[in-house]
Amino acid sequence: MIKINLPKKIKLKNQRQNSDLVENNKKFKFFLKNIGLSHYYESSQKKLSLKDRRISMHPHIPDLSDLYYIYNLIILNNRISILEYGTGWSSLIIYKALEFNKKKNKGRFYTRCDNPYSLSVVDNSKKFLKISSDRITSEFGKNANVNFHYSKCRMTKFNGNYAHEYIKHPPINPDFIFLDGPNNFFVDGKSENFSVKNFSMQPMGCDILKFENFLTPGTIILSDGRTANMRFLKNNFKRKWKIKTLYNSDLNILFLDEKPLGIWNKEQLRFYQK
């Protein structure tokens, strides 16, 4: 049985109902200050009055509780190769966590890791990719090990179910996947006249299902919300995945709980526990 380490919960104070914003919370502000990114939060406090934030073309205000959880989940499980669907403040925090792990591990990595301490991001918005790229370049310089991939999304079917997919998927076999894209209002086309461009619809990406067989035991998938999409993945996966839903923060976790594939995967699993 494979176990993953979960971050300790932080009790939120004065969190607004139906809002991602955690205001005036000393613990979370200390978290950002401690990792040297508080200046980004202070400069992002532009509040938008929208009926549905999913249609916004403005960067979202960072959700400090989610960023805290993502950062610590990566560190506690010693992940070094990450794929992110969608981009935003999370890209900056994820790469910060990778840099922490790189320093902690003194640059060491497990044998079958093609590009250690790297983040690959795929998104269907050139605007948001540029914003994230500029943030990371500003913080880490041009040599940051982050690869941004632009791809349109289109409607499709998977196992007879309506879903959507990225047309150009980056070639990567990650040990950690963060699912926070695409925005379903910007998915192109229809499948048998069915579309997810509707206020009553949810995102339903099937990309991970198509390369499930390449993922190694111990792989973690984290989603920000997207509970319906995570259940769709779980119901269509062919391998032994476990799911955990964190209702207090709207985060969902899937991890691949299987016997090791062989000596190299055993080495990889030992590395995660360092």
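Select from region 191-201 the residues that are open to solvent by 60 Å² or more (accessible area, probe 1.4 Å) and either under 17 Å from the mean Cα position of the chain (by Cα) or farther than 18 Å from ALA228 by Cα (or both) and list them in ascending order.
GLU192, ASN193
Within region 167-181, how many residues turn out to be closer than 23 Å to ASN72 by Cβ, in contact with an Asp or Glu (Cβ under 7 Å, 6 or more places away or on another chain) and not in a strand (DSSP E or B)?
Matching residues across region 167-181 total 2.
Select from region 213-231 the residues that are open to solvent by 10 Å² or more (accessible area, probe 1.4 Å) and of a type in the set (A, V, I, L, M, F, W, C) and write down the one among them that is modelled with the highest pLDDT.
Initially, region 213-231 is screened for residues open to solvent by 10 Å² or more (accessible area, probe 1.4 Å), giving 213-214, 216, 224, 226-228, 231.
From what's left, of a type in the set (A, V, I, L, M, F, W, C): 214, 228.
Working: PHE214: 98, ALA228: 94.
My answer is PHE214.
Of the conditions (1) surrounded by fewer than 20 Cβ atoms within 10 Å (Cβ to Cβ); (2) modelled with pLDDT of 95 or more; (3) not in a strand (DSSP E or B), LEU98 satisfies every one except a single condition; which number is it?
If we test LEU98 against (1) surrounded by fewer than 20 Cβ atoms within 10 Å (Cβ to Cβ); (2) modelled with pLDDT of 95 or more; (3) not in a strand (DSSP E or B), just (1) comes out false.
On the phi > 0 side of the Ramachandran plot and touching a Gly at 6+ places or on another chain (Cβ under 7 Å): is that true of GLY107 in this structure?
Details: on the phi > 0 side of the Ramachandran plot: yes; touching a Gly at 6+ places or on another chain (Cβ under 7 Å): no.
For GLY107, the condition - on the phi > 0 side of the Ramachandran plot and touching a Gly at 6+ places or on another chain (Cβ under 7 Å) - is not met.
Which residue, of ASN143, ASN147, ASN115, is open to solvent by 40 Å² or more (accessible area, probe 1.4 Å), part of a strand (DSSP E or B) and within 30 Å of TRP264 (Cβ to Cβ)?
Values: ASN143 fails: part of a strand (DSSP E or B); ASN115 fails: part of a strand (DSSP E or B).
Of the residues listed, the single one that is open to solvent by 40 Å² or more (accessible area, probe 1.4 Å), part of a strand (DSSP E or B) and within 30 Å of TRP264 (Cβ to Cβ) is ASN147.
Which condition from (1) over 20 Å from ASN5 (Cα atoms); (2) assigned to a helix (DSSP H, G or I); (3) open to solvent by less than 10 Å² (accessible area, probe 1.4 Å) is the one that HIS164 breaks?
Just one mismatch for HIS164, condition (2).
Scan region 202-212 for residues that are open to solvent by 10 Å² or more (accessible area, probe 1.4 Å) and of a type in the set (A, V, I, L, M, F, W, C) and jot them down.
MET204, LEU209, PHE211
Name the pairs: first residue in region 171-189 and over 22 Å from PHE214 (Cα atoms), second residue open to solvent by 50 Å² or more (accessible area, probe 1.4 Å) and part of a helix (DSSP H, G or I), Cβ to Cβ under 9 Å, at least 6 apart or on different chains?
What qualifies is ASN183/ARG54; ASN183/ILE55; ASN184/ARG54; PHE185/ARG54; PHE185/ILE55.
Does at least one position in region 114-129 carry a residue that is acidic (Asp, Glu) and more than 24 Å from ARG231 (Cα to Cα)? Walk me through how you get there before you give the answer.
First, the residues of region 114-129 that are acidic (Asp, Glu): 114, 123.
Still in the running and more than 24 Å from ARG231 (Cα to Cα): 114.
Scanning region 114-129, I find at least one residue that is acidic (Asp, Glu) and more than 24 Å from ARG231 (Cα to Cα), so the answer is yes.
GLY107 fails exactly one of the following numbered conditions: (1) modelled with pLDDT under 95; (2) small (Gly, Ala, Ser); (3) farther than 28 Å from GLN202 by Cα; (4) open to solvent by less than 60 Å² (accessible area, probe 1.4 Å). What is the number of that condition?
The failed condition is (1).
Give the residue that is least open to solvent (accessible area, probe 1.4 Å), with candidates limited to residues of region 83-95 that are touching a Ser or Thr at 6+ places or on another chain (Cβ under 7 Å) and among the hydroxyl-bearing types (Ser, Thr, Tyr).
SER91
Go through the residues of region 256-270 one by one and say whether even a single one is surrounded by 15 or more Cβ atoms within 10 Å (Cβ to Cβ), of a type in the set (A, V, I, L, M, F, W, C), touching a Ser or Thr at 6+ places or on another chain (Cβ under 8 Å) and in a strand (DSSP E or B).
Scanning region 256-270, I find at least one residue that is surrounded by 15 or more Cβ atoms within 10 Å (Cβ to Cβ), of a type in the set (A, V, I, L, M, F, W, C), touching a Ser or Thr at 6+ places or on another chain (Cβ under 8 Å) and in a strand (DSSP E or B), so the answer is yes.
Kindly list the number of the only condition in (1) part of a helix (DSSP H, G or I); (2) without any contact (Cβ under 8 Å) to a residue 40 or more places away in the chain that fails for VAL121.
Looking at each condition in turn, VAL121 falls short on (1).
Can you tell which of SER125, SER138 is open to solvent by 60 Å² or more (accessible area, probe 1.4 Å), within 19 Å of SER90 (Cβ to Cβ), out of contact with any helix residue (DSSP H, G or I) (no Cβ under 6 Å at 6 or more places or on another chain) and among the hydroxyl-bearing types (Ser, Thr, Tyr)?
Working: SER125 fails: open to solvent by 60 Å² or more (accessible area, probe 1.4 Å).
Just one listed residue meets the conditions, SER138.
The values are calculated or read from the model by the stated rules, or taken from the named source; none is laboratory data. Note that this is a predicted model, so its numbers are computed, not measured. Heads up, the Cβs are rebuilt from the backbone with ideal geometry, glycines too, and the neighbour counts pull from every protein chain shown. Heads up: the accessible areas ignore ligands, DNA and RNA and are worked out on the full protein's heavy atoms, side chains in. Shrake-Rupley method; radii C 1.70, N 1.55, O 1.52, S 1.80 Å.
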